[in-house]
Amino acid sequence: MRNRIYLRPDLYDLSQGSRIKFVRIFRHLTQDNVSDDLGITGENKRRTLTRYEQGERNPSKSRLQELSNILLVNDNLIKQYEFKSTSDILYFLLWLEEMFPKMRIDLNTDDETINSFFDEWNTMRDKKQKMIVNYEEYFEWKINYKVKEDSNE
């Protein structure tokens, strides 16, 4: 087996499109790969995905579910955030760390959902820092993390 060098994708902003693109690149998928899996055909089959990634268009709820299945990611990590729920804020923090990797936010509240999130996140960050898990494993945990309040849906 050949060793491969992993180059972490760049996250230019925290928009839905940038987050979709980041995960697509993390998964080593091209726009053609994803378009094919979405069943989009024709001469301009990448146009829809390009518009999603550039923020010119937002995927419908059903298309977002399809994308999350193709990208093997919790759909809450690539949805449009409205910041009306605790979970939107917590998922946003996971992405914020991709832009600012040295950032470390700790919060202690009376909210069990928030405290549980930070306990799990700190455990994983410590494992990454101690090299128990590599970046790919750590990011995999992040993009598949389910905030406890979302688990009841």
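Each reported figure results from applying straightforward, stated rules to the coordinates on display, with no laboratory input. As the structure is a computational prediction, the values presented were derived from the model and not from experiment. Note that each Cβ is placed from the backbone with ideal geometry, even for glycine, and that neighbours are counted across all protein chains shown.
Quick look at the values:
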quantity: Under 12 Å from K45, Cα to Cα: aspartates and glutamates that are on another chain or at least 8 residues apart; calculated: D32, D36, D37
quantity: Between 0 and 90°, nearest 10: helix 16-26 axis offset from the chain longest Cα axis; calculated: 90 degrees
quantity: Those aspartates and glutamates that a straight Cα-Cα span of less than 15 Å connects to K127, excepting residues fewer than 8 apart in one chain; calculated: D119, E136, E137, E140
quantity: Ratio of the Cα radius of gyration of region 16-75 to 2.2 N^0.38 Å, where N counts its residues; calculated: 0.98
quantity: Segment D106-I89, length gained on full extension (0.36 nm per residue, minus Cα span); calculated: 4.8 nm
quantity: Members of K79/K142; K79/K128; K79/K130; K102/K130; K84/K146 lying beyond 20 Å, as alpha-carbon distances in this model show; calculated: K79/K128; K79/K130
quantity: Order of F118, F22 - criterion: other Cβ atoms within 10 Å of each residue's Cβ, fewest first; calculated: F118, F22
quantity: For region 48-65, 3J(HN,Hα) per residue [Karplus equation, 6.51 cos²θ - 1.76 cosθ + 1.60, θ = phi - 60°, Hz, x = Gly/Pro]; calculated: 4, 5, 4, 5, 4, 5, 8, x, 7, 8, 10, x, 5, 4, 5, 5, 4, 5
quantity: Loop-resident sites, region 37-90, for trypsin sites (Lys or Arg not before Pro), counting at most 12 other Cβ within 10 Å (DSSP); calculated: K84
quantity: Ranked list, fewest to most other Cβ atoms within 10 Å of each Cβ, for F26, F117, F92; calculated: F92, F26, F117
quantity: Kirkwood hydrodynamic radius (C-alpha pairs) into Stokes-Einstein, the chain, 20 °C and 1.002 mPa s, D in µm²/s; calculated: 129 µm²/s
quantity: Cα-based helix-to-principal-axis angle, 112-129 vs the chain, degrees rounded to 10; calculated: 80 degrees
quantity: Pairs of Cα atoms farther than 13 Å apart, region 86-152, %; calculated: 65 percent
quantity: Tilt relative to the chain, helix 86-99 - C-alpha long axis, 0 to 90 degrees, to 10; calculated: 80 degrees
quantity: Top of S116, S68, S87 by mean-square fluctuation, Gaussian network on the chain, Cα under 10 Å; calculated: S116
quantity: Relative contact order (percent, whole number), the chain, Cα cutoff 8 Å, 6+ residue spacing; calculated: 21 percent
